[in-house]
Amino acid sequence: MKLILLIPLLYFGFYSPNVQKIEVAHLKFSAENNLNKKYYDSRGKINFIIQNEHFISIVKGIKISSSQINEIKFQSITDITNIENDIRQKYIDKGEKKGQIKIISKDDVFNQIYVYEKENATEWCRYTVKWIDEIKN
């Protein structure tokens, strides 16, 4: 009986193809910056372009107070792209040793990404987003 329980644990423990994700990223969005844009697509989803990185809302945003914002540790786009590059390089290095390179998408880096947009002096809106891979010319 113990052997039967051990086999699935060995399989999922050693052979799981899942990427080890970092928990959460928090980003501020401000349309005042020329590199940032916000638009709605044909499906009604909100798209955020933050310094040439594309994020799309998964669910409707929720209102949060300015006091809650003060408790959040925000990352910059530079921070999260550096984390993404480090993780991708780790998988490339590991794959080169095994002869099989796994390419991960940007959305595989974090378990959850939130974009925060200031609504007014006392309220912000928090959007749960996906980080979109794009090929740019």
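If you go through the range 106-120 and keep only what is outside any strand (DSSP E or B) and closer than 21 Å to Asn85 by Cβ, you end up with Lys106, Asp107, Asp108, Val109.
One residue stands out in the range 121-130 among those that are open to solvent by 40 Å² or more (accessible area, probe 1.4 Å) and part of a strand (DSSP E or B): the one that is farthest from Thr78 (Cα to Cα), namely Glu123. Looking across the range 22-38, the residues that are open to solvent by 80 Å² or more (accessible area, probe 1.4 Å) and either touching a residue at least 60 places away in the same chain (Cβ under 8 Å) or part of a strand (DSSP E or B) (or both) come down to Glu23, Lys28, Lys37.
Would you confirm whether any residue within the range 95-102 is under 20 Å from Lys37 (Cα atoms) and open to solvent by less than 30 Å² (accessible area, probe 1.4 Å)? No, because not a single residue in the range 95-102 is under 20 Å from Lys37 (Cα atoms) and open to solvent by less than 30 Å² (accessible area, probe 1.4 Å). Scanning the range 64-86 for residues that are in a helix (DSSP H, G or I) and either open to solvent by 40 Å² or more (accessible area, probe 1.4 Å) or in contact with a strand residue (DSSP E or B) (Cβ under 6 Å, 6 or more places away or on another chain) (or both) gives Ser67, Gln68, Ile69, Ile77, Thr78, Asp79, Ile80, Asn82, Ile83, Asn85, Asp86.
For Asp41, the conditions (1) without any contact (Cβ under 8 Å) to a residue 40 or more places away in the chain; (2) under 18 Å from the mean Cα position of the chain (by Cα) are fulfilled apart from (2).
The values are calculated or read from the model by the stated rules, or taken from the named source; none is laboratory data. Predicted model, so just to flag it, every value in this text is computed and none were measured. A quick note on method: Cβ atoms are made from the backbone with ideal geometry, for glycine too, and the neighbour counts reach across all protein chains shown. When the accessible area is computed, the model is the full protein with side chains, heavy atoms only, and any ligands, DNA or RNA have been set aside. Shrake-Rupley method; radii C 1.70, N 1.55, O 1.52, S 1.80 Å.
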